[in-house]
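Peer 1: The structure under discussion is supplied below as structure tokens; questions concerning it will follow.
Every number here is computed from the coordinates shown, using simple stated rules; none is lab data. Model, not experiment: these values are computed from the prediction. Positions of Cβ are generated from backbone atoms using ideal geometry, with glycine treated the same way; all protein chains shown enter the neighbour counts.
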Amino acid sequence: ETGVTQSPTHLIKTRGQQVTLRCSSQSGHNTVSWYQQALGQGPQFIFQYYREEENGRGNFPPRFSGLQFPNYSSELNVNALELDDSALYLCASSLSTSGGQETQYFGPGTRLLVL
Amino acid sequence: QKEVEQDPGPLSVPEGAIVSLNCTYSNSAFQYFMWYRQYSRKGPELLMYTYSSGNKEDGRFTAQVDKSSKYISLFIRDSQPSDSATYLCAITRPGRQFYFGTGTSLTVIP
């Protein structure tokens with residue numbers, strides 16, 4: 001077990017709704033990255049948060065937004081849900097230092113189904 | 001062109017076989033290379049992490065990096081049914097995001 005937790009484990013929403021996913025990072029880690037993993041695909045980078053600031057973003061529209069809190073936990077918010085947003089959403093935590101980012105450890109994911 | 005390409009499989013081998021999983025990448029600036037294992041409906045689990053050319057061994061697993069060819073491999077010796085999972089390669093460089101392959105599905109048959 002990595003110590004990274006995510007909630008909820010499963011979620012069903014309808015098109016147009018909004019969703020908030022939560023992640024608690026591993027103890028000692030200060031960086032959280034979010035990924036979207038469609039069925040049969042590798043994880044796709046959404047964005048990363050470091051010290052409560054967005055620190056890099058993948059090719060996702062602005063309706064995907066996030067937050068990082070002082071305790072390094074994080075939220076992913078998705079507005080105006082579309083059917084294609086159905087996927088496993090993964091949170092990964094890591095430690096970033098002046099020497100760079102160490103490797104990432106994943107939580108179990110939240111499986112989102114949009115109907 | 002994708003940053004990293006992975007042989008998609010699926011791969012099916014008998015128990016005890018040696019398994020070879022492979023990825024290629026496009027940019028020689030990538031410096032860090034990882035292999036993750038993902039069981040069905042679970043998050044990826046880090047198996048190997050390396051940053052130099054050559055081999056790194058951990059039990060039955062060996063990660064190999066050839067920077068001159070931009071080619072990375074994971075070898076599994078004496079494969080077990082519990083090794084049945086999807087294996088993901090990942091690459092990154094300082095200050096940049098992680099890029100993942102599409103994953104190779106492996107089934108080890110008892």
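Peer 1: Please list, in order along the range A:77-85, the HN-Hα scalar couplings obtained from phi with the Karplus expression 6.51 cos²θ - 1.76 cosθ + 1.60 (θ = phi - 60°), rounded to whole Hz, x for Gly and Pro.
Peer 2: Per residue, the Karplus-derived 3J(HN,Hα) values read 10, 10, 9, 6, 3, 10, 4, 5, 7 Hz.
Peer 1: Just to confirm a number: summing +1 for Lys and Arg and -1 for Asp and Glu over residues other than B:TYR32 whose beta-carbon lies under 10 angstrom from that of B:TYR32, what do you get? Please list the in-between numbers first.
Peer 2: Working: positive: B:ARG93, B:ARG96; negative: A:GLU102.
Residues close to B:TYR32 contribute a combined charge of +1.
Peer 1: Where the centre of each part is set by its Cα atoms, how far does the range B:35-70 sit from the range A:1-33, in angstrom?
Peer 2: A separation of 25 Å, based on Cα centres.
Peer 1: Now a separate question. Exposure proxy check: B:ASP7, B:ASP78 ranked by fewest other beta carbons within 10 Å?
Peer 2: Values: B:ASP7 17, B:ASP78 12.
The order, fewest Cβ neighbours first, is B:ASP78, B:ASP7.
Peer 1: Suppose each label sits 7 Å from its Cα in the direction of the beta carbon; what would the B:ARG60-A:ASN77 distance come out to in nanometres?
Peer 2: It is 4.7 nm.
Peer 1: May I ask you to derive the relative contact order of the range B:22-107, considering only C-alpha pairs under 8 Å and at least 6 residues apart, and to give it as an integer percent? Show your work: numbers first, answer last.
Peer 2: Working: 168 pairs, mean separation 27.2, N = 86.
Relative CO of the range B:22-107 lands at 32 percent.
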